[in-house]
1. Is there a residue in segment 36-52 that is crowded, with 18+ Cβ neighbours inside 10 Å, of a type outside the set (Val, Ile, Thr) and modelled with pLDDT of 95 or more?
2. So which residues in segment 62-89 are outside any helix (DSSP H, G or I) and small (Gly, Ala, Ser)?
3. Consider only pairs whose beta carbons are under 6 Å apart and that are at least six residues apart or on different chains; among these, list those whose first residue lies in segment 120-145 and is farther than 12 Å from residue 16 by Cβ and whose second residue is outside any helix (DSSP H, G or I) and modelled with pLDDT of 95 or more.
4. Step by step: first the residues of segment 95-154, then only those that are at pLDDT 80 or above and outside any helix (DSSP H, G or I), then the one that is surrounded by the fewest Cβ atoms within 10 Å (Cβ to Cβ). Which residue is that?
5. May I ask you to verify whether residue 15 is part of a helix (DSSP H, G or I), modelled with pLDDT under 95, closer than 23 Å to residue 125 by Cα and touching a Ser or Thr at 6+ places or on another chain (Cβ under 6 Å)?
6. In segment 53-82, which residue that is surrounded by fewer than 20 Cβ atoms within 10 Å (Cβ to Cβ) and of a type in the set (Val, Ile, Thr) is nearest to residue 136 (Cα to Cα)?
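The values are calculated or read from the model by the stated rules, or taken from the named source; none is laboratory data. Keep in mind that this is a model prediction, so the values were computed, not measured. Neighbour counts run over all protein chains shown; Cβ positions are idealised from the backbone, glycine included.
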Amino acid sequence: MKLPSLLYPDLNRTGSLGVLVVRLVTGLLLAAHGFSKLAAGPAGLAGGLAMKGFPAPTLLAWCATLAELLGGICLMLGLLTRPAGAVVAFNMVVAWASMHMADAAHFGTAKGGSFEYPFLLSSLGLALALTGGGRYSLDAVLFGRKTDSGGGGG
């Protein structure tokens with residue numbers, strides 16, 4: 001007996017829709033935070049990085065800001081999805097490992113939230129780096145790559 005198609009969907013048809021939703025939401029969140037950092041300038045983030053002992057904190061603040069802003073835009077468009085996902089994942093791993101690790105002990109509580117958000121974004125970035133943009137992406141239009149699962153490509 002087969003499960004209903006709602007519970008056991010054909011990934012050839014629905015996989016890229018799932019990737020599209022993940023791309024749009026993740027990209028929107030990242031681009032919004034990147035734009036916020038850009039509008040405020042690098043001083044705030046650079047100050048936090050300097051307090052943690054990072055070298056060249058202003059340069060790193062600009063890199064993080066642009067990774068979020070441009071990475072988010074690329075993910076929303078499905079343009080260069082794999083490299084954008086990898087950059088986002090790396091940026092967010094650095095964020096939670098360097099700035100939010102103290103709150104990891106409070107995982108699942110209100111105080112753990114400052115760790116959980118960049119941890120989630122790093123995981124989503126990694127997932128998109130692995131799957132690609134899917135059928136509904138500029139990657140698929142420009143480069144014509146799709147996978148059998150419907151979830152990859154680009």
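1. If we filter segment 36-52 for residues that are crowded, with 18+ Cβ neighbours inside 10 Å, which is where we start, we get 37, 42, 45-46, 49.
After this cut, where a residue has to be of a type outside the set (Val, Ile, Thr) as well, the list is 37, 42, 45-46, 49.
If we keep only those that are modelled with pLDDT of 95 or more too, we end up with none.
Looking through segment 36-52, none of the residues is crowded, with 18+ Cβ neighbours inside 10 Å, of a type outside the set (Val, Ile, Thr) and modelled with pLDDT of 95 or more.
2. Step one: list which residues in segment 62-89 are outside any helix (DSSP H, G or I), which gives 78-80.
Once the filter is applied, which keeps residues that are outside any helix (DSSP H, G or I) and small (Gly, Ala, Ser), segment 62-89 yields only 78.
3. If the second residue must be outside any helix (DSSP H, G or I) and modelled with pLDDT of 95 or more, the pairs left are 138/78; 138/79.
4. Looking at residues that are at pLDDT 80 or above and outside any helix (DSSP H, G or I), I get 144.
5. yes
6. Among those that are surrounded by fewer than 20 Cβ atoms within 10 Å (Cβ to Cβ) and of a type in the set (Val, Ile, Thr), it is 73.
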